Amino acid sequence: MPAERSDWTKARRIVVKIGSALLVDRATGRLRATWLNSLADDVADLAAEGRQVVLVSSGAIALGRHVLRLPAGPLELEQSQAAAAVGQISLAHAYQDVFRQRGLIAAQILLTLGDTEERRRYLNARRTIDRILANNTIPVVNENDTVATTEIRYGDNDRLSARVASMLSADCLVLLSDVDGFYTAPPNTSSDAKRLDVVREITPEIEAMAGDAGTELSRGGMVTKIAAAKVVLAAGTDMVITSGKVLHPLRALAEGANATWFLAPSDPVAARKRWISGQLKPHGAIFVDGGAEKALTQGKSLLPAGVQRVEGTFNRGDAVVIRAVDGRELGRGLAAYAKADAERIIGKKSGEIAGILGYKGRSELIHRDDMALHRKITS
């Protein structure tokens, strides 16, 4: 089995992007029910293997404009938002129905750009979807078109799916497309176009093959897919472009269908810890006692009971330096509490947090998944 296919078999958390053209019949404006059922079969098969699947789905506007009988062609912002509001109900019910028939539960997640840009909302979204997945539920994500404006919206679900995959530390992002991979030139206009099997780095040459970002034809095309690849490869997530025009597209991918694999140089956990340790500016420091320092070296989270004091000004989700009582830097992490609340719970047991703060927050001051320790910690 080729290396890229073995990466698919090893992927435990998978994000799948579905475009409107695959899901909605352009002529009738109705859902392509047969295709959707085949996709649901594929997702059910993956879930039965113990794998987690997140769908990033377009289709709300396409469905809604048909119901509202809006004219063909580009819509004004308010028309798009009205269509999305109507179509989202139909889309959510469709996913609910096909997964219920297979003994699965679907959950709807609506995101805007700010949900993945602003630190606190990013953490809320990440933890909410993590909890949904832990409950063996299929999250169906879409951009919240009913409230997003032209200035703040993603503009296409390639980028949205990349942000979601990065946020969730997914192992693989699947872009179901109308073409079966990434070509050296547009395959419908160039007889010399060749599909690339594997891409390991987004070079200027690769970007040039994707075309001009300023052309109308590039919207939602290969330019946005290469932009998505940049995001996910930096996060340690593999990405694959394959045809979604066939029935059972995920099964076809597993069986060796034509595709282009973008392979990340490291895994999501390593990439996330590298991001925490080297790319985020720390806003404060948390000083831990000897017992907490030992627990950290054993891979445990940082509990309030092991913290002696905090310094700086930080909010929930900000990066902080983790220090020993003598000032040594042990690592860095993302604080689960703002400084004001952290000061109130340090030295306390996790079971006391709700009584002190008046709400039930996280048991950890810094969760081990949000922490990057230095390789050598000496006492």
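Taking 0.36 nm per residue of separation and subtracting the Cα-Cα distance, what length does fully extending Asn258 through Val246 add?
3.2 nm
Determine, for each peptide in 351-364, 226-239, 250-263, the mean count of other beta carbons within 10 angstrom over its residues, then list the peptides with the highest first.
The densest-packed peptide leads the list: 226-239, 250-263, 351-364.
Kindly report the accessible area of the chain per residue (heavy atoms of protein chains, probe 1.4 Å, no ligands, DNA or RNA), in Å².
48
In whole Hz and in residue order, list the ³J(HN,Hα) couplings for region 91-102 that follow from phi through the Karplus curve 6.51 cos²θ - 1.76 cosθ + 1.60, θ = phi - 60°; x for Gly and Pro.
5, 4, 5, 4, 5, 4, 5, 5, 7, 4, 4, 10
By how many degrees, 0 to 90 and rounded to 10, does the Cα axis of helix 157-167 deviate from the longest principal axis of the chain?
Compared with the principal axis, the helix lies near 20 degrees.
Return the percentage of antiparallel bridges among DSSP beta bridges fully within the chain, rounded to the nearest 5 %. Walk me through the numbers before you get to the answer.
Values: 20 of 51 bridges.
Roughly 40 percent of the DSSP beta bridges within the chain come out antiparallel.
Quickly work out the Ile89-to-Arg5 label distance, labels modelled 7 Å from Cα along the C-beta direction, and quote it in nm with one decimal.
4.6
Let a ≥ b ≥ c be the square roots of the eigenvalues of the Cα gyration tensor of region 171-260; is it rounded (a/c under 1.5), or, if not, prolate (a/b larger than b/c) or oblate?
Judged from the Cα gyration tensor, region 171-260 comes out oblate (a/c at least 1.5, b/c at or above a/b).
Kindly state, to the nearest 0.05, the FRET efficiency for Glu343 paired with Asp267, given R0 = 30 Å and r defined as their beta-carbon distance. Show your work: numbers first, answer last.
Values: r = 36 Å, r/R0 = 1.19.
Efficiency computed from Cβ-Cβ geometry: 0.25.
With r defined as the distance between the Cβ atoms of Asn188 and Ser363 and R0 fixed at 56 Å, what FRET efficiency is calculated, to the nearest 0.05? If you can, show how the numbers build up before the last one.
On the way: r = 55 Å, r/R0 = 0.98.
The value I calculate is 0.55.
Once you place label points 7 Å from the Cα toward the Cβ at Ile356 and Arg100, how far apart are they in nm?
Placing both labels 7 Å along Cα→Cβ, they lie 4.5 nm apart.
Working from Cα positions, state the angle (0 to 90°, nearest 10) between the long axis of helix 268-278 and the longest principal axis of the chain.
Compared with the principal axis, the helix lies near 50 degrees.
Quick check: the distance between the Cα centres of region 221-287 and region 290-320, to the nearest angstrom?
30
Express in whole angstrom the spacing between the alpha-carbon centres of region 160-184 and region 49-92.
Computed from Cα coordinates, the inter-centre distance equals 20 Å.
Output the Cα-based Rg and Dmax of the chain in Å, rounding Rg to one decimal and Dmax to a whole number.
Computed over the Cα atoms of the chain, radius of gyration and Dmax are 22.6, 70 Å.
Most mobile of Ser38, Ser166, Ser58 per a Gaussian network model of the chain (Cα springs, under 10 Å)?
Of the options given, Ser38 has the highest mean-square fluctuation.
Taking a point 7 angstrom from the Cα of Gln308 along the C-beta vector, which residues in region 251-291 have backbone N less than 15 Å away?
Answer for this model: 285-291.
With a cut-off of at most 15 other beta carbons within 10 Å, and DSSP calling the residue loop, which GluC sites (Glu not before Pro) in region 1-86 qualify? Please list them.
Answer by residue number: Glu49, Glu76.
With Cβ to Cβ distances under 14 Å as the rule, what net charge do the other residues near Ala292 carry (K, R +1; D, E -1)?
With Lys, Arg at +1 and Asp, Glu at -1, the net is +4.
Normalized C-alpha radius of gyration of region 60-140, against 2.2 N^0.38 Å?
Cα-based Rg divided by the globular estimate yields 1.31.
Counting only helical runs of four or more DSSP H residues, what would the 222 nm mean residue ellipticity of the chain come to if each run contributes -39,500 (n - 2.57) and the total is spread over all its residues?
Numbers: 15 runs with 150 residues, N = 379.
The per-residue figure over the chain is -11500 deg cm²/dmol.
Using a 1.4 Å probe and counting only protein heavy atoms, arrange Leu110, Leu70 so the residue with the most accessible area comes first.
Details: Leu110 65, Leu70 45 Å².
Reading off the accessible areas and sorting them downward yields Leu110, Leu70.
Considering only Cα-Cα distances, which of the following residue pairs are longer than 30 Å: Lys225/Lys360; Lys230/Lys300; Lys294/Lys339?
On the way: Lys225/Lys360 40 Å; Lys230/Lys300 32 Å; Lys294/Lys339 24 Å.
Check vs 30 Å cut-off fails for Lys225/Lys360; Lys230/Lys300.
Hey, with R₀ at 45 Å, roughly what FRET efficiency would Asn124 and Asp178 work out to, going by the Cβ-Cβ distance, to 0.05?
It comes out at approximately 0.85.
With Cβ to Cβ distances under 10 Å as the rule, what net charge do the other residues near Arg251 carry (K, R +1; D, E -1)?
Taking every other residue near Arg251 into account, the sum is -4.
Give me the extension gain from Glu49 to Asp289: residue separation times 0.36 nm, minus the current Cα-Cα distance, reported in nm with one decimal.
Length gained between Glu49 and Asp289: 82.2 nm.
The values are calculated or read from the model by the stated rules, or taken from the named source; none is laboratory data. Being a predicted model, the structure only gives us computed values, none of them experimental. Don't worry about glycine lacking a Cβ; one is built from the backbone with ideal geometry, like all the others, and counts go over all protein chains shown. Accessible surface is based on the protein model in full, side chains and every heavy atom, while ligands, DNA and RNA are left aside. Shrake-Rupley method; radii C 1.70, N 1.55, O 1.52, S 1.80 Å.
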